[in-house]
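Working notes, beginning with the structure itself.
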Amino acid sequence: MIDLLRDTNEFIALNVTKTTELLFEINSKKTDMKDTKAINKDLILRERLALQRTVLANQSTFLAFLRTAMYFLIAGLSLRNLLKVENSFLIEMALFVISFVILLLGTLNYFKHKKSISENKKHIGDYQLQYYE
């Protein structure tokens, strides 16, 4: 009988030890999860800031297209007013057409990238969306 009680006490002590170890492991996982949530919030902030930089880069690119188109337009206008060149009308029209094409391409590029950026906004903080669509 005493042996049975001793075995029972050892069994209980062993189970208490294992239970304590499991609880310690669960608590450490919870603290790890808290850390990952903080990291995820930090990653989300970084992604949002990166998205804002991308929007600003897209706007800057559009302004570069606009500036280049205006250079060609001004070149065409100044060719007419400042210089007397034979066949200047053809050169002027070529510069005006190039200016219009650059402006059109810049505008199309801007709106294409703007749409792409807005579509990628929904993936911030949840990468699983891109795998389940």
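The values are calculated or read from the model by the stated rules, or taken from the named source; none is laboratory data. Keep in mind it's a predicted model, so treat the numbers as computed, not measured. Neighbour counts run over all protein chains shown; Cβ positions are idealised from the backbone, glycine included.
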Output for the stretch 51-73, where each listed residue is within 30 Å of K122 (Cα to Cα) and β-branched (V, I, T): T54, V55, T61
Test for I117: is it surrounded by 13 or more Cβ atoms within 10 Å (Cβ to Cβ), assigned to a helix (DSSP H, G or I) and without any contact (Cβ under 8 Å) to a residue 60 or more places away in the chain: no
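Among the residues that make up the stretch 94-112, is at least one of them surrounded by 15 or more Cβ atoms within 10 Å (Cβ to Cβ), among the polar types (S, T, N, Q) and out of contact with any Leu (no Cβ under 8 Å at 6 or more places or on another chain)? If you could, list the steps in order and put the result at the bottom.
Of the residues in the stretch 94-112, the ones surrounded by 15 or more Cβ atoms within 10 Å (Cβ to Cβ) are 95-96, 98-99, 102-103, 106, 110.
Within this subset, residues satisfying the condition of being among the polar types (S, T, N, Q) are 99.
Remaining after also requiring out of contact with any Leu (no Cβ under 8 Å at 6 or more places or on another chain): none.
For the stretch 94-112, residues surrounded by 15 or more Cβ atoms within 10 Å (Cβ to Cβ), among the polar types (S, T, N, Q) and out of contact with any Leu (no Cβ under 8 Å at 6 or more places or on another chain): absent.
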Of residues in the stretch 68-93 being charged (D, E, K, R) and surrounded by 12 or more Cβ atoms within 10 Å (Cβ to Cβ), the one modelled with the lowest pLDDT: R80
Single residue of A75, A57, A64 found to be over 29 Å from the mean Cα position of the chain (by Cα) and aliphatic (A, V, I, L, M): A75
